[in-house]
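Report on one structure; see the data block that follows.
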Amino acid sequence: MKKWLIPVIILVVVAFVAYNWAVGFNNTAVEYEANAKTAWSNVESSYQRRNDLIGNLVKTVQGAADFERTTLREVIEARAKATSTTIDIDNLTPQNMAAFQEAQSGLTSALSRLLVAVERYPELRANQNFLELQTQLEGTENRINVERNRFNEAVNIYDIHTTKFPNKILAGWFGFEEMARYEADAGSEVAPDVDFEFN
């Protein structure tokens, strides 16, 4: 056997192993990235459902002639901002996620104020359409939370795969970047003060 053949065989084997590793890494990263993007689409879909329900809720509340117009206007403006703040699925950066979260939090806050204000209007609390919309909104809020958690789980799997050594080396070469997670709103770690007043 010729002496030059052994190094050639070793090089071919090393190249074959490296090629298989790179292809395996890339295909798995593509799959995990696609799963995370699909999970994000589900988050957006849940928020879209909420926005649609809020539109119907606003129309129902507008029927109460003496309802606070300021509260209603805040919800309408927050909804407009939330629906105009979108993220390109290929650009899930921490900055874009923060802007999206801020817009959604503003809508959540305005909606909470609206639902508190409704308590002062017995005709709205007795309105069957309003009650059904309120129940659907509660269910949608739960769905949003579930979808955000699923998104974070999918991102976690992707990020672990692309940042572990030696995969991190290939991630840079193939252009796989760390994805942003959906984070809790600032201050949500502090329990709210609840003041029960008894008359």
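The values are calculated or read from the model by the stated rules, or taken from the named source; none is laboratory data. On a predicted model such as this, the values are computed, not experimentally measured, just so you know. So basically every Cβ, Gly included, is an ideal-geometry build from the backbone, and we count neighbours across all protein chains shown.
List of remarks:
- Of all residues making up the range 20-38, the number that are of a type in the set (Gly, Ala, Ser) and crowded, with 21+ Cβ neighbours inside 10 Å: 1
- All of 138, 147, 132 fail the test of being within 20 Å of residue 33 (Cα to Cα) and of a type in the set (Asp, Glu), apart from 147.
- Subset of the range 66-79 (residues that are in a helix (DSSP H, G or I) and in contact with a Leu (Cβ under 9 Å, 6 or more places away or on another chain)): 71, 72, 74, 75, 78, 79
- Where residue 86 falls short, out of the listed (1) in a helix (DSSP H, G or I); (2) touching a residue at least 12 places away in the same chain (Cβ under 8 Å); (3) among the hydroxyl-bearing types (Ser, Thr, Tyr): (1)
- Filtering the range 1-37 to residues that are under 30 Å from residue 147 (Cβ atoms) and of a type in the set (Phe, Trp, Tyr) leaves 25, 32.
- Of all residues in the range 1-48, those satisfying the criterion of being touching a residue at least 40 places away in the same chain (Cβ under 8 Å), of a type in the set (Gly, Ala, Ser) and closer than 15 Å to residue 167 by Cα are 22, 29.
- Residues within the range 45-91 that are under 13 Å from residue 117 (Cα atoms), at pLDDT 85 or above and either among the acidic types (Asp, Glu) or in contact with a strand residue (DSSP E or B) (Cβ under 8 Å, 6 or more places away or on another chain) (or both), tallied: 1
- Whether a residue is surrounded by 13 or more Cβ atoms within 10 Å (Cβ to Cβ), hydrophobic (A, V, I, L, M, F, W, C), within 17 Å of residue 181 (Cβ to Cβ) and at pLDDT below 85 was assessed, and residue 124 does not pass this test.
- Only listed residue being over 17 Å from residue 59 (Cα atoms) and either polar (S, T, N, Q) or touching an Asp or Glu at 6+ places or on another chain (Cβ under 8 Å) (or both), chosen from 127, 149: 149
- Counting only residues that are more than 22 Å from the chain's Cα centre (by Cα) and not hydroxyl-bearing (Ser, Thr, Tyr), the range 1-52 holds 26 of them.
- Neighbours by Cβ (under 8 Å, 6+ apart or cross-chain): first from the range 91-106, more than 19 Å from residue 36 (Cβ to Cβ) and touching a residue at least 40 places away in the same chain (Cβ under 8 Å); second of a type in the set (D, E, K, R) and not in a helix (DSSP H, G or I): 105/185
Condition check ((1) exposed (fewer than 13 other Cβ atoms within 10 Å of the Cβ); (2) in contact with a Leu (Cβ under 6 Å, 6 or more places away or on another chain); (3) within 21 Å of residue 75 (Cα to Cα)) across all residues:
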{"site": "95", "(1), (2), (3)": "yes, no, no"}
{"site": "106", "(1), (2), (3)": "no, no, yes"}
{"site": "118", "(1), (2), (3)": "no, yes, yes"}
{"site": "130", "(1), (2), (3)": "no, yes, yes"}
{"site": "151", "(1), (2), (3)": "no, no, no"}
{"site": "155", "(1), (2), (3)": "no, no, no"}
{"site": "164", "(1), (2), (3)": "yes, no, no"}
{"site": "169", "(1), (2), (3)": "yes, no, no"}
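- The range 171-185 - residue that is farther than 29 Å from residue 107 by Cβ and aromatic (Phe, Trp, Tyr) and, of those, surrounded by the fewest Cβ atoms within 10 Å (Cβ to Cβ): 173
- Among the residues making up the range 128-165, those that are in contact (Cβ under 8 Å) with a residue 40 or more places away in the chain and farther than 30 Å from residue 31 by Cβ are 129, 130, 133, 134, 136, 137, 141.
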